[in-house]
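Presented below is the structure to which this report refers.
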Amino acid sequence: MSGDHHDSHQAGTESYAALRTKALEALLVEKGLITTDVIDTVVRAYEQDIGPLNGARVVGRAWVDPTYKKRLLADGTSAIAELGFGGRQGTDMVVLENTPTVHNVVVCTLCSCYPWPVLGLPPSWYKSYAYRARVVREPRVVLREFGLELPESVEIRVWDSNSDMRYMVLPERPAGTEHMSEADLVSLVTRDAMIGVAKVQVPAIVGRG
Amino acid sequence: MRAASDPRIANMDEQVALPRQNGELVFAAPWEARAFGLAVALNEAGVYPWRDFSQGLAAETAAGEQHGAPASYYERWLETLEKLAIAKGLVTPAELDARTAEYACGAHDAHEE
């Protein structure tokens, strides 16, 4: 962590780095090498694209479109590509549907294979030895530590990713979301739910003005 | 239009990987996002291949560790960006210093054309 370091160049309200960045941007814009709009677009794209939002879009579509869901479960790679998301060639995406009786959870026991085109980069716990080893041996206990208590009647399936095959969980659509639009549904879907260590929750206060 | 992110940028090696929280990018201050956008936009404009940037960032990181000067991730990022911009002849160190100094004493309005 180097969070304390920022103060060292602090001059008045703006840091040296902030002034320097502003100067560089202004010069490049004045010279016609770049526009502020392009920079805005880039930042927005990366803030949105490389988080788990792509995966959430896939889930949202599957929840509202049964034929898409069917295609998604049959051939994850192609159905995800339909929405414009894809990764390296040769990596297949398999989408696993959670139901009231089956709960899927994803791991990579060997390293940290992860469906990054849809989920961004893996969280640090996903790469930890503890998670990789324990979720296979005692998934119910591990899920409980994540705050997910599953009834004994629910079968837990653990899927081990590898360089050819990446898994993503299609979480259950929560009850009480029947009135919600696809865009609103997308905003409910979390990364953890698509790894399978959480369920999708409906916010306690559904204020729709 | 939906700009796509480049996996070579989104998934750099751990040593120089973009700071994230819950999978999403984190910027501690607005200038960090600007510096990020500048570097990526110049790459997309064909000014340099991304490899040049990531290697520069790795070198900056290694140098920082050697000198025990723990600059933040985006301070190193900015340093890399400046060096590349200068090496490619986009700006000169003198004009960059001068403009920074102007902003520091509020002499130059950042928004004027």
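In the stretch A:1-64, counting only helices (runs of 4 or more DSSP H) that sit wholly within it, the ones holding 3 or more residues that are of a type in the set (Gly, Ala, Ser) and modelled with pLDDT of 70 or more span A:16-30, A:53-64. The helices (runs of 4 or more DSSP H) found wholly in the stretch B:27-107 and carrying at least 1 residues that are modelled with pLDDT under 90 occupy B:30-44, B:50-67, B:93-104. The number of residues in the stretch A:16-45 being buried (at least 19 other Cβ atoms within 10 Å of the Cβ) and either of a type outside the set (A, V, I, L, M, F, W, C) or more than 7 Å from chain B (Cβ to nearest Cβ) (or both) comes to 4. Of all the listed residues (A:Tyr126, A:Tyr131), the sole one being among the aromatic types (Phe, Trp, Tyr), under 30 Å from B:Ile9 (Cα atoms) and at pLDDT 90 or above is A:Tyr131.
Out of the residues in the stretch A:78-111 that are polar (S, T, N, Q) and crowded, with 17+ Cβ neighbours inside 10 Å, which is farthest from A:Gly176 (Cα to Cα)? If we take residues in the stretch A:78-111 being polar (S, T, N, Q) and crowded, with 17+ Cβ neighbours inside 10 Å, then A:Thr91 is farthest from A:Gly176 (Cα to Cα).
Over 16 Å from A:Leu24 (Cα atoms), touching a Pro at 6+ places or on another chain (Cβ under 8 Å), more than 7 Å from chain A (Cβ to nearest Cβ) and not polar (S, T, N, Q) - does that describe any residue in the stretch B:57-64? Yes: the stretch B:57-64 contains one or more residues that are over 16 Å from A:Leu24 (Cα atoms), touching a Pro at 6+ places or on another chain (Cβ under 8 Å), more than 7 Å from chain A (Cβ to nearest Cβ) and not polar (S, T, N, Q). Can you say whether B:Leu84 is touching a residue at least 12 places away in the same chain (Cβ under 8 Å), over 14 Å from the mean Cα position of the chain (by Cα) and within 12 Å of chain A (Cβ to nearest Cβ), as far as the supplied structure shows? Answer is no for this residue.
For every residue, the table says whether it meets (1) in contact with a helix residue (DSSP H, G or I) (Cβ under 9 Å, 6 or more places away or on another chain); (2) basic (Lys, Arg); (3) loosely packed, with under 14 Cβ neighbours inside 10 Å.
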position: A:Val118; (1), (2), (3): yes, no, no
position: A:Glu138; (1), (2), (3): no, no, yes
position: A:Trp159; (1), (2), (3): no, no, no
position: A:Leu170; (1), (2), (3): yes, no, no
position: A:Gly196; (1), (2), (3): yes, no, no
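The values are calculated or read from the model by the stated rules, or taken from the named source; none is laboratory data. Small disclaimer: the values here were computed from a predicted structure and weren't measured. Positions of Cβ are backbone-derived with ideal geometry, glycine not excepted, and every protein chain shown enters the neighbour counts.
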